[in-house]
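The values are calculated or read from the model by the stated rules, or taken from the named source; none is laboratory data. Note that the structure is a prediction, hence the values are computed from the model and not measured. Neighbour counts are summed over all protein chains in view; Cβ atoms, including those assigned to glycine, are modelled from backbone coordinates with ideal geometry. Accessible surface areas use protein heavy atoms only, side chains included; no ligands, DNA or RNA. Shrake-Rupley method; radii C 1.70, N 1.55, O 1.52, S 1.80 Å.
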Amino acid sequence: MIVDLNLKGKLVIVVGAGNEGLKKINSLLTQDCKILVISDSGDEQIINFVENGKIEFIKKKIENMDFIKNYDPILVIASTNNRELNRKIVVEAKKKRCFAYASDDPEFSDFSHPSVINIQDSIQVAISTGGSSPVMARKIKESVEKIIIGSIDKEDIYHIKLQKIIRDAAKSKISTLADRKKYLYAVLNDKNIKQLLKDDNFSTAQDEAMRILRDWK
């Protein structure tokens, strides 16, 4: 079962900033979470992330597990080049009752990490083998990525952004979930709004969706 964790505003610790660590950091950057990277080294990309306020970085060699005790993360990712150390980090993280993942040991982790196709930070398509073969997950991703991206047009991306805005607004106007769904589908299928989005006129489309909400009965 693939689960999309809600990491918004929560702390995620990544231990190790090599190739695997960087892959995990890049996947976290779209999740609106707080990212703390702990490693004895950091390359230019890590420095760039720090300078742009995307992550916090502590340059430190992990010699024991005491560092975890100072934090309250929702997720700890162990991505060092030391399998034994990664296991120790996972064990300590589980004691904190948070999710734990080791890049080189998915069977020892709380979950397997899928290969993800990210489309404009709005759509994520996950391909997973349940940890059986990360190599095959990546291979399949490379085979289907262009096909999937090619099937998504700009109107779809606009609709996702619009639906998020109006879904939040509808909660204070429409009392029942069933009626809110009717409103969201009404906006989704509105011909005028569709045309406005095709014409890149997002602000006017949003105004029209809000007008429909104001008049909703």
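For ASP105 and ASN189, compute 0.36 nm times the residue count separating them, minus their Cα-Cα distance, and round to one decimal in nm.
Using 0.36 nm per residue and subtracting the Cα-Cα distance, I get 25.7 nm.
So, R0 is 25 Å and r is the distance between the beta-carbons of GLU84 and LYS8; what FRET efficiency does that work out to, to 0.05?
Between GLU84 and LYS8 the formula returns 0.15.
Which percent of the accessible heavy-atom area of region 57-130 goes to carbon and sulfur, probe 1.4 angstrom?
43 percent
Given R₀ = 30 Å, what would the calculated FRET efficiency be for GLN120 paired with SER175, taking r from the Cβ atoms and rounding to 0.05? Each step should come with its number before you reach the end.
Working: r = 33 Å, r/R0 = 1.11.
About 0.35, to the nearest 0.05.
State the extension gain, in nm to one decimal, for the chain segment bounded by ASP32 and SER112, taking 0.36 nm per residue of separation less the distance between their alpha-carbons.
26.7 nm
Tell me, how many Å apart are the Cα centres for region 50-74 and for region 192-214?
What the calculation gives is 44 Å, centre to centre.
Using protein chains only and a probe of 1.4 angstrom, how many square angstrom of SER203 are accessible, to the nearest 10?
The accessible area comes out at roughly 70 Å².
What accessible surface, in Å², does a 1.4 Å probe find on CYS98, ignoring ligands, DNA and RNA and rounding to the nearest 10?
Accessible surface of CYS98 is approximately 10 Å².
Could you give me the ³J(HN,Hα) list for region 111-126, computed from phi with Karplus coefficients 6.51, -1.76, 1.60 and θ = phi - 60°, whole Hz, x at Gly and Pro?
7, 9, 9, x, 8, 10, 9, 9, 10, 6, 6, 10, 10, 10, 10, 9
Of LYS61, LYS54, LYS96, which has the most accessible area and how do the rest follow, probe 1.4 Å?
Largest to smallest exposure gives the sequence LYS61, LYS54, LYS96.
If each residue of separation counts as 0.36 nm, what is the full-extension length gain between LYS96 and GLU44 once their alpha-carbon separation is subtracted?
On the way: separation 52, 0.36 × 52 = 18.72 nm, distance 3.17 nm.
That works out to 15.5 nm of additional length.
Nearest 0.05, what FRET efficiency do LYS61 and ILE165 give at R0 = 41 Å with Cβ-Cβ as r? Can you show the working numbers first?
Values: r = 45 Å, r/R0 = 1.11.
So, using R0 = 41 Å, E works out to roughly 0.35.
Taking 7 Å along the Cα-to-C-beta vector as the label spot, tell me the SER132-ASP72 distance in nanometres, rounded to one decimal.
Taking the simple label geometry, SER132 and ASP72 are separated by 4.0 nm.
Provide the per-residue ³J(HN,Hα) series for region 20-27, in order, calculated from phi with Karplus coefficients 6.51, -1.76, 1.60 and θ = phi - 60°, each as a whole number of Hz, with x at glycine and proline positions.
5, x, 5, 4, 5, 4, 4, 6
What number comes out for accessible area per residue over region 1-104 if the probe is 1.4 Å? Units Å², please.
Per-residue accessible area for region 1-104 comes out at 59 Å².
Excluding residues on the same chain fewer than 8 positions from LYS94, give the lysines whose Cα lies under 24 Å from its Cα.
LYS8, LYS10, LYS23, LYS24, LYS34, LYS59, LYS60, LYS61, LYS69
What does the charge add up to near SER203, with Lys and Arg as +1, Asp and Glu as -1, over the other residues with Cβ less than 14 Å from its Cβ?
Net local charge, SER203 excluded: -2.
Report the normalised scattering of region 30-148 as log10 I(q)/I(0) at q = 0.12, 0.17 Å⁻¹, calculated by the Debye formula with identical scatterers on the alpha carbons.
Once normalised to I(0) and log-transformed, intensities are -0.53, -1.04.
Residue by residue, what Karplus-based ³J(HN,Hα) values in Hz, rounded to whole numbers, does region 142-159 have, using 6.51, -1.76 and 1.60 with θ = phi - 60° and x for Gly and Pro?
Ordered by residue, 3J(HN,Hα) equals 5, 6, 10, 4, 5, 5, 5, 4, x, 8, 9, 9, 5, 5, 4, 5, 4, 4 Hz.
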